[in-house]
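Handing you a structure now.
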Amino acid sequence: MQQTTNSPDVSPRSLLPTGENRAKLRRWRSIKDKISQYGIAFAGISVVAAFATIFVYLFSEVGPIFSSASIEKQQSFNSVTAKPIFTNLERYGEVGLVIDAEGLMQFFDAKTGAMTQQVKLPIPLDAKITSFAKGEPRSGIIAVGLSNGHALVAKHEYNLSYPNDQRKIVPVVSYPLGETPIALNPTGQPILSLAVQEGSSGTAITDFTADGHLSLNLFEAQTEFLTGETTFVRQDYALPSAPRSVSKMLMDTTLRSLFVADAENKVHYYDLTDPATPRYVEAVTAVAAGKQVTAMEFLVGSVSLILGGSDGSLSQWFLVRDEHNNFHLKHIRDFEQHSGAIQQIIPEYSRKGFMAIDVNSELGIHYGTSARTLLQESLDLKATNVALSPINTEFLVLSDDGKTYRFALENAHPDVSWKAMWNEVWYEGRAEKDYIWQASSGSDEFEAKMSLVPLALGTLKAALFAMLFATPLAVMSALYTAYFMTPVLRGKVKPTIEIMAALPTVILGFLAGLWLAPFVENYLSAIFAILLLLPFMMLIAAWCWRYAPASWRNRLGLGWEVLLLIPVIVGFIYLCVSLSPTVDNMFFNGSLRQWFTDNGITYDQRNALVVGIAMGFAVIPNIFSIAEDAVFNVPRHLTQGSLALGATPWQTMMGVVLPTASPGIFAAVMVGFGRAVGETMIVLMATGNSPVVNFNLFEGMRTLSANIAVELPETAVGSTHFRVLFLAALVLFVFTFIFNTLAEVIRQRLRQRFSSL
């Protein structure tokens, strides 16, 4: 007989914690609540601080490019001459040069004024200097015209050495055409104006004499192969239509163009491309009526002319081709006007900037490309001559009080401005204004072109075409997967698409550049057929499935219909690719790409179409995942209620599911757009990186992110180019910030609108 024992009853109250334990639990819960509260607050503040730090750092790198120039008087000393006709300062600011009206070249210590060397130009005793000219500043070539119709050409250089690790600068004066003055005017008339320039083939001199004679003299260097001896072959040419008076002449370094300023308000242009038949092209009015051209100089590279007038005006001019391919002197831009007549223009050695000083000793610092006036102030002294350092860090001012003043100059980034980066700019050698990005070159003569418009439009262009490809596919796929697809199939499809997001974009860019771009080029008609006709083929297949036998449809089951589209899609793509050569032969003379070219449509192999497809595949997983979650998380009671009231699944999806999930779908699209805007590797490898300003589907582009990735490693730290790239990063950062903020605002409004469902 089995004996049972009854256990005593256990009261439920005995299982509850005691009062002391409950107090401990409450204290521990309070501690955890505090930790969570402050931890979440700290994390949020840290995120905001990180964003603020990024902004502060970017602004710290960008800010200096918009700063103005500044000067500071450092010291003064007695001038070595009271009548200078030319002043020069070497790059380290240690040695200065002054040439006086007697032809004495005096080199002096630019910090103390102590004389270090004197060189007397070999000028005949019976002749005086009546004119002076200098060539491109970096060449160091000068010429003096004499009262007997002769001219002497000299060249000054600074030899640099480091004995005992100490820098030593030794001035050297040479005579490229010989120490004997050259007879330019056969009648011996004084040379009133002179221009000299050293080109690749030799040296050219133009002179204007007292009898109104204007001539060109070419000295071509010829070197004997065996002896190495260099001789000059001289050729003289008379120039037509000489003006009655000449105040200044300039010749460019190609020795093909001569510009002559008369004593009135005109500048005359001569085409010397063929010296045997020189051509007088035109005379342009350079300053206002009744005013005179008082100063004229080339900017570095001898392409742009800077003209100063007696009214204090400053303007930039250069040659522009017309519709007949002929050059004409064109007025490009003006600078801020000075208070008095422009006395001297001092161009920079390696940038398109210049200094100008007027008769009131008001100094202006200007820049050509950016059209900026960075400084304009009075020097409080009567300046007679100014010399600028080749590295733009200091300058000397010779005053009529017999002193030379040394100034420190701070002007690091004059070559860009906010206006120049976002507006059309007329660059040297261009027929009209344009948006151009071409930031660097191998020559100091190069004019940096840093318009951000091609990069910003390229970024939007790449993102736009990527979203046009990705958004319909991703959103439609998300709707079908979340609402119509069977759970078993959804469990395989969703993770497969999401894992695509882990695919490195460099692989997509590699495939796009080396495989997809040539494929699209060879089968362009097939690509258009697939993009345009494949959706209709899918609709036709779905319509035909409605009339399939019921046993077939029941056997397959609801939510599995998508499997039937796979052979339809594959078969249609294969058909389009197979028929592409036939279609090209029938309608496009064998090549759709060539047909585009023949009809004036530019086609690049790596273009926006390729980028749109490749970057679309990179963006689809992000949009699909967020949109699918938004659709799948629509409350079931809403869809079930709609179906119970007699709505079809499609009507329920359009009238209930889509409005309810619209905030999440919109957020998904904006996240995808932000991803497309910031994408780097795909656009870097599949676009050709051509900074063009258009939305042509068949041309490439250059984006902000790709430009930063390409150029930042190669640029000099702290340079203008370096800081403009940081500005591009700031613009990209602002783009994404604006888009994300706008997306969040719209998402919240959509949520409020459909919250009553």
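Looking at Ala548, Ala482, Ala541 in this structure, which one is open to solvent by less than 40 Å² (accessible area, probe 1.4 Å), at pLDDT below 90 and not in a helix (DSSP H, G or I)?
Details: Ala482 fails: not in a helix (DSSP H, G or I); Ala541 fails: not in a helix (DSSP H, G or I).
Selected residue: Ala548, the only one of Ala548, Ala482, Ala541 that is open to solvent by less than 40 Å² (accessible area, probe 1.4 Å), at pLDDT below 90 and not in a helix (DSSP H, G or I).
Within the range 301-342, count every residue that is not in a strand (DSSP E or B) and not hydrophobic (A, V, I, L, M, F, W, C).
17
May I pose another question? In this structure, is Thr404 open to solvent by 20 Å² or more (accessible area, probe 1.4 Å), under 21 Å from Asn78 (Cβ atoms) and assigned to a strand (DSSP E or B)?
Numbers: open to solvent by 20 Å² or more (accessible area, probe 1.4 Å): no; under 21 Å from Asn78 (Cβ atoms): yes; assigned to a strand (DSSP E or B): yes.
Here the answer is no, as Thr404 does not meet what is asked.
Has the range 343-361 got at least one residue that is closer than 27 Å to Glu90 by Cβ, out of contact with any Lys or Arg (no Cβ under 7 Å at 6 or more places or on another chain), open to solvent by 20 Å² or more (accessible area, probe 1.4 Å) and not in a strand (DSSP E or B)?
Yes.
Another one. Out of everything in the range 139-154 that is open to solvent by 10 Å² or more (accessible area, probe 1.4 Å) and out of contact with any Asp or Glu (no Cβ under 8 Å at 6 or more places or on another chain), what residue ends up being nearest to Asn217 (Cα to Cα)?
His150
Residues of the range 652-671 being touching a Phe, Trp or Tyr at 6+ places or on another chain (Cβ under 9 Å), touching a residue at least 40 places away in the same chain (Cβ under 8 Å) and closer than 21 Å to Ile746 by Cα, which ones?
If the condition is that a residue be touching a Phe, Trp or Tyr at 6+ places or on another chain (Cβ under 9 Å), touching a residue at least 40 places away in the same chain (Cβ under 8 Å) and closer than 21 Å to Ile746 by Cα, then Val657, Pro659, Thr660, Ser662, Pro663, Ala668, Met670 are the ones that fit.
A follow-up question, please. When you check Gly674 against the structure, is it farther than 23 Å from Ala420 by Cα and part of a helix (DSSP H, G or I), yes or no? Give the steps one after another, and end with the answer.
Details: farther than 23 Å from Ala420 by Cα: yes; part of a helix (DSSP H, G or I): yes.
It is true that Gly674 is farther than 23 Å from Ala420 by Cα and part of a helix (DSSP H, G or I).
Please identify the pairs in which a residue from the range 373-385 that is over 9 Å from Asn360 (Cα atoms) has its Cβ atom under 7 Å from the Cβ atom of a residue that is in a loop (DSSP other than H, G, I, E, B) and open to solvent by 20 Å² or more (accessible area, probe 1.4 Å), counting only partners at least 6 apart or on another chain.
Listed pairs, sorted by first residue: Thr373/Glu336; Leu374/Ser68; Leu375/Ser68; Gln376/Glu336; Thr384/Asp400.
Could I ask something else about it? Yes or no: the range 415-434 includes at least one residue that is at pLDDT below 95, surrounded by fewer than 21 Cβ atoms within 10 Å (Cβ to Cβ), hydrophobic (A, V, I, L, M, F, W, C) and in contact with a Ser or Thr (Cβ under 6 Å, 6 or more places away or on another chain).
yes
Let me confirm something: among Ile65, Ile99, Ile71, Ile54, which residue is of a type outside the set (Ser, Thr, Tyr) and over 31 Å from the mean Cα position of the chain (by Cα)?
Ile99
How many residues does the range 270-293 contain that are closer than 21 Å to Leu239 by Cα and either among the basic types (Lys, Arg) or open to solvent by less than 40 Å² (accessible area, probe 1.4 Å) (or both)? Steps first, answer last, please.
If we filter the range 270-293 for residues that are closer than 21 Å to Leu239 by Cα, which is where we start, we get 270-285.
Those left that are additionally either among the basic types (Lys, Arg) or open to solvent by less than 40 Å² (accessible area, probe 1.4 Å) (or both): 270-272, 275, 278-279, 281-282, 284.
Qualifying residue count for the region: 9.
Another question, then. With without any contact (Cβ under 8 Å) to a residue 60 or more places away in the chain, open to solvent by 70 Å² or more (accessible area, probe 1.4 Å) and under 24 Å from Asn88 (Cβ atoms) as the only criterion, which of Ser241, Ser200 stands out?
Ser200
Right, next: Which of the residues that make up the range 170-214 are within 19 Å of Phe298 (Cβ to Cβ) and at pLDDT 90 or above?
Across the range 170-214, the qualifying residues are Ser193, Leu194, Ala195, Val196, Gln197, Glu198, Thr203, Ala204, Ile205, Thr206, Asp207, Phe208.
Just give me the residues in the range 546-586 being among the polar types (S, T, N, Q) and under 24 Å from Ala526 (Cα atoms), in sequence order.
Applying the first criterion (among the polar types (S, T, N, Q)) to the range 546-586 yields 551, 554, 578, 580, 582, 585.
Listed by number, the residues that qualify are Ser578, Ser580, Thr582, Asn585.
To continue, here is another question. At negative phi and either exposed (fewer than 15 other Cβ atoms within 10 Å of the Cβ) or of a type in the set (Phe, Trp, Tyr) (or both), is that true of Asp100?
No; evaluated as a whole, the condition is false for this residue.
Okay, moving on. Assess whether Ala412 counts as being touching a residue at least 24 places away in the same chain (Cβ under 8 Å), outside any loop (DSSP other than H, G, I, E, B) and of a type in the set (Gly, Ala, Ser).
no
The values are calculated or read from the model by the stated rules, or taken from the named source; none is laboratory data. Since we're looking at a predicted model, the values are computed, not measured. Note that each Cβ is placed from the backbone with ideal geometry, even for glycine, and that neighbours are counted across all protein chains shown. These area figures cover heavy atoms from the full protein model, side chains too; ligands, DNA and RNA do not enter into them. Shrake-Rupley method; radii C 1.70, N 1.55, O 1.52, S 1.80 Å.
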